[in-house]
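Input: one structure, supplied below.
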């Protein structure tokens, strides 16, 4: 079951925008995106002339998009480009700003069903155009993964690690080691060679590749803080909301004594709103059966997000709600692992009292 | 400038609730708080008989409060207890559930002005009543810090580290090493001995100790996700909101092209709402001058939360808005370091282009 | 394949000495071992009265041994005690000083063949007798692992992690988190519960348990430094040396141009000395085929220690040389994984040039 | 006290050999050093044409030396080159194999007295000539540090960190993040910009720069293992040994009961051999007064290496013994911090018993 292919490979490269391709304004000294600049840079890049590099076709978003400005339509544009070119290329690289890269990677994970080829998102903290940068290695390594490895997943490559897209988070706004997948080991690591963690990588899909383009936008995230206003919470839950990601405390706890809060959830759930409980903690999982404060959420009709990131819970729910299936099916699939997005408990837990 | 005192010390111990003091129900097997249980346990604890342990007075919340249920009034109860007993004790230990401990610690940091004695919050992942637990060491070490060290700060002690309260976050819902202060070194570390990092600890205050009890509740946190609804955002910003913590992307970025979003902030700011930009990243700082997407927030009248945690930004803003000072003063103080809550850039940054 | 047993369990507890059981001299204030002190302490320990704790028999070394003073005969004493009591107990706990605990754990791993029950070594950085200590949790958790888990391995439990004995190293002389198994994941972790990593734990042996007591002492470790003296090296290699662990650079490199050094190895190997190459690096593995400087060692007849620790390579070689088998068999077994002591490459490596 | 200079800068670049400059043999496919290859590569490197890069003069060792083959004479060659060019350049970059880079950096730290300019050692895990490599960024960043920063120290730059040379160790033989300075924070870190930790960097020297070229070679390292042979140890201590680095257990412990071992040290010390105690632990410090097993070393006349690495203790001792000063002065200076090579205890330790 080798993941490494020995042909040269052919990839489709999408430049959506972001720091990686920015250019310094010769007068103002500030960085800004410039159409065509990255194309020209790649053409003169010595590495691209090597027979060991995959061939590539570059598609550039015009204008390039700062990742903070990315919206659902942009995810659809990327997904459509992959669909259109799916059978003509060995893999896909998406150059993307770092800020919402984890959201886009999560969304694409769900939008691309039965994906059988690598889709690697990458970017950088320092532009390609600077003397010292992380752009060059991030980009070239991503291209090699996309062109030469049979990894049928949406991934993020950043600073020596290939991470599962729907497990990744930007955890550092400054460091070159900006991304982590806190509850999932990396799919591969770059050291003296590239080590691919074959135990973690998903199997090739059996079904035919297809793309889902309809994402429901009526999903919100509420970050709990002590003493939050019940009225504000009720406002958020009001029409047209269809899905709520609750960023709760610890292993999925929320104020059980706040009757209005619990009532608001109960009645929203009755109206058909899907309420998913995630955690403000970077590591660990939601377990709604552990404490009374979690159990009250369960009783109100909320469901567990397990160790899904907020990025993934939000995009998965928007995608499920856009599929045109019943609310019961949405709930069922929300608690099923579809793309490796949460941990199916493998390790044995020993109840320390007996 | 020694931080260690050699008398026995005398501390005031407040048990608010939380996992640390829970008891196993002998029939159901589940954990639940039980009044008086911790008092009895501490009385028979062999360590308490040692002459090296501080003397203590224990005050127990009746009923004990799960930390997910903690509200502003509970912060006020804790602060009042400290005020009432301030001159009779060497220090204070607050036993607290882990879920919102970082919020309470942040809030107390601001509510207790000119604090000259240690206030140590602690708790545990496993109850004191279990065979294997982290409760015993967390509690005893906290008591020793409170009784014997001149650390004039609100702190969290958890699993070998004494952290500044207004820098701490619960980052792991499962591990015994549950807390971190991502952008600030620990104040002290427990190893073979206790190492106190005297360079980081705040100086003794010059003014007289006083307690602020009025916290403004009209503060909300909004966690941005790509494609969020403008209407929902406008709803949150509507009356009676007075303060907004924006949990934005990366180093403080938000969609610059979403005209309605920027307009909503601009008009809210004009109405007097204070908008503070923090980051979804665990590490790093907000810098609104770096990218156009940050600059648009600045232009709309938002202010930077630098590397403040969301926990701290929200509680600091609620406290400032409760002081009865002008909005301009609130803005000014929000960007000033009052309790060591953000990093005043000490290290030299080298612009790598020249 | 559950690793957790639900009976109470019965364990044999060996106190060899070390910080854990020391007592403070009431006059001098210094710590020193005292016969019978730990026995008395355990008897009055409240946890020991719980029906959830394994029953135990305690055997104390008289006098207790500081782990820096541990020698082969002491390993034999421990192994013999385990052999004698093997069928009467569910598991074994060995209380040991931290300094050479990784050596003893490695040695026991090899001396105890077809081990089918847990042997847990533990100790502490702070004595049991101190107000704040890591001794209590380390000891109680080790007893529960030994009495209630089917882990057929020699392990070290320290500060929340159960590590494979023959992979462990003491990496920090001060921190309570003193041990690591740098190239092997922990067998179990203590958090809110105990998570057992069943994928890593060895299978139950098929053969009958037996103990090897004959360890060859003619094994030395040589730590290379640039410009070391050839004469000194030749001296070490002289009679009666039978085994040499070379603590070399990086992935197993040594000065290829130092003709006398290479000649000394060549002629030692010809005389029957087994030369095993390990690394001064904490992480990573020896690969003698990568560079000319490694290949010269291979050509001289040295063999690879892969990612074995120095502690393990030295004890494994002493044990193999004590088995009375041929030198060729020793070499063969040295490069075979017998107790999980090195990594059989599982992950795929991608040659980045193709 | 700015550390950043704004002129272009002019550096002297010494290529001694190592992975960074190797070339792939087009037929065999293996890597090997090739004279003049790196010179040519640097000349065509686009970055070198930038006005923001320091100007450089490249000196190449002929033939290039694999770092495992580095000896004292090579250290002297490097030091002499720096001496010869000291007043004509702003800084120095030494390209070096990773295996013994920490030894060379330590040696140069002592050989270069009153160093007032940066000397940056660097290298890579993957050659410059490979498509994906860490060589390019390591080299360019090192050149910028050497040409544009007033850091008067011998440093190692590797994978985003500038480390003090005499604190660094190669801790991973595979990862691109191969170096650490376990007991000392980095001098600078590369992220979105370069952060220079001005608190840690040494002050500009007051005296005149001078180079010491005489390193005493009669220094050995002995790595203790339980049950080591007394005869072998006595052999090592025999003439012409003048200095011994003992790689001992934990915080500086060795078998106190091994009378022959202690006697051997006692008599060696009487003969004038300097015995320095370091630790096998990566982190933490030697404290010979803590346990009887450490105290016996002290009584035998050994001195403490504190938290010096083995690499540093060995090179510092060789350098001191080569200065032509008295043995008492050697001992005295060995326990003095001369180049930031060990930690002068700054943090307060709290004795937890009082």
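The values are calculated or read from the model by the stated rules, or taken from the named source; none is laboratory data. Just so it is clear, the structure is predicted and the values come from calculations on it, not from any experiment. Glycine also receives a Cβ, built like all others from the backbone with ideal geometry; neighbour counts cover every protein chain displayed.
Applying the selection to region B:6-23, what residues are out of contact with any strand residue (DSSP E or B) (no Cβ under 7 Å at 6 or more places or on another chain) and modelled with pLDDT under 85?
Of everything in region B:6-23, those that are out of contact with any strand residue (DSSP E or B) (no Cβ under 7 Å at 6 or more places or on another chain) and modelled with pLDDT under 85 turn out to be B:6, B:7.
Does residue B:186 fit the bill of being assigned to a loop (DSSP other than H, G, I, E, B) and in contact with a strand residue (DSSP E or B) (Cβ under 8 Å, 6 or more places away or on another chain)?
yes
Let me confirm something: among B:175, B:229, which residue is out of contact with any strand residue (DSSP E or B) (no Cβ under 6 Å at 6 or more places or on another chain), closer than 23 Å to residue A:278 by Cβ and surrounded by fewer than 21 Cβ atoms within 10 Å (Cβ to Cβ)?
From the options B:175, B:229, the qualifying one is B:229.
Name, by its number, the condition in (1) over 18 Å from residue C:139 (Cα atoms); (2) surrounded by fewer than 16 Cβ atoms within 10 Å (Cβ to Cβ) that does not hold for residue C:75.
Checking residue C:75 against (1) over 18 Å from residue C:139 (Cα atoms); (2) surrounded by fewer than 16 Cβ atoms within 10 Å (Cβ to Cβ), the one that fails is (2).
Of D:289, D:260, which residue is in contact with a helix residue (DSSP H, G or I) (Cβ under 7 Å, 6 or more places away or on another chain), surrounded by fewer than 19 Cβ atoms within 10 Å (Cβ to Cβ) and within 11 Å of chain C (Cβ to nearest Cβ)?
Criteria check complete, one pass: D:289.
Just one of B:160, B:85 is in contact (Cβ under 8 Å) with a residue 40 or more places away in the chain and surrounded by fewer than 24 Cβ atoms within 10 Å (Cβ to Cβ); which is it?
Working: B:160 fails: in contact (Cβ under 8 Å) with a residue 40 or more places away in the chain.
None of the others qualify; the one that does is B:85.
Considering only region D:56-79, how many residues are under 20 Å from residue D:318 (Cβ atoms) and within 17 Å of the chain's Cα centre (by Cα)? Break it down stepwise before answering.
So the first thing to find is which residues in region D:56-79 are under 20 Å from residue D:318 (Cβ atoms), and the list is D:65, D:67-79.
Cutting the leftovers down to within 17 Å of the chain's Cα centre (by Cα) gives us D:67-79.
Qualifying residue count for the region: 13.
Can I ask one more? Just to verify a result, which residue in region A:8-29, among those that are under 29 Å from the mean Cα position of the chain (by Cα) and assigned to a loop (DSSP other than H, G, I, E, B), is nearest to residue A:133 (Cα to Cα)?
Among residues in region A:8-29 that are under 29 Å from the mean Cα position of the chain (by Cα) and assigned to a loop (DSSP other than H, G, I, E, B), the one nearest to residue A:133 (Cα to Cα) is A:22.
Do the conditions hold for residue C:167, that is, is it within 25 Å of residue D:253 (Cα to Cα) and more than 18 Å from the chain's Cα centre (by Cα)? Please lay out each step first, then the result.
Working: within 25 Å of residue D:253 (Cα to Cα): yes; more than 18 Å from the chain's Cα centre (by Cα): no.
So residue C:167 fails the test.
Determine if region A:247-254 includes at least one residue that is over 24 Å from the mean Cα position of the chain (by Cα), more than 30 Å from residue A:114 (Cβ to Cβ) and modelled with pLDDT under 95.
Yes, region A:247-254 contains a residue that is over 24 Å from the mean Cα position of the chain (by Cα), more than 30 Å from residue A:114 (Cβ to Cβ) and modelled with pLDDT under 95.
Now for a different question. Test of understanding: among D:46, D:26, D:35, which residue is free of Cβ contacts under 8 Å to residues at least 12 places away in the same chain, out of contact with any strand residue (DSSP E or B) (no Cβ under 6 Å at 6 or more places or on another chain) and either under 26 Å from residue C:284 (Cβ atoms) or more than 14 Å from chain C (Cβ to nearest Cβ) (or both)? So that I can check it myself, show each step before the final result.
Working: D:26 fails: either under 26 Å from residue C:284 (Cβ atoms) or more than 14 Å from chain C (Cβ to nearest Cβ) (or both); D:35 fails: free of Cβ contacts under 8 Å to residues at least 12 places away in the same chain.
Just one listed residue meets the conditions, D:46.
Taking the conditions exactly as written (within 12 Å of another protein chain (Cβ to nearest Cβ), touching a strand residue (DSSP E or B) at 6+ places or on another chain (Cβ under 8 Å), closer than 30 Å to residue C:168 by Cα and without any contact (Cβ under 8 Å) to a residue 60 or more places away in the chain), does residue D:282 satisfy them or not?
It is false that residue D:282 is within 12 Å of another protein chain (Cβ to nearest Cβ), touching a strand residue (DSSP E or B) at 6+ places or on another chain (Cβ under 8 Å), closer than 30 Å to residue C:168 by Cα and without any contact (Cβ under 8 Å) to a residue 60 or more places away in the chain.
Given A:122, A:100, which one is free of Cβ contacts under 8 Å to residues at least 40 places away in the same chain, within 13 Å of the chain's Cα centre (by Cα) and surrounded by 24 or more Cβ atoms within 10 Å (Cβ to Cβ)?
So the residue among A:122, A:100 that is free of Cβ contacts under 8 Å to residues at least 40 places away in the same chain, within 13 Å of the chain's Cα centre (by Cα) and surrounded by 24 or more Cβ atoms within 10 Å (Cβ to Cβ) is A:100.
Here is a check on your reading of the model: is residue B:221 over 26 Å from residue B:95 (Cα atoms), in contact with a strand residue (DSSP E or B) (Cβ under 6 Å, 6 or more places away or on another chain) and within 7 Å of chain A (Cβ to nearest Cβ)?
On the way: over 26 Å from residue B:95 (Cα atoms): yes; in contact with a strand residue (DSSP E or B) (Cβ under 6 Å, 6 or more places away or on another chain): yes; within 7 Å of chain A (Cβ to nearest Cβ): yes.
Yes.
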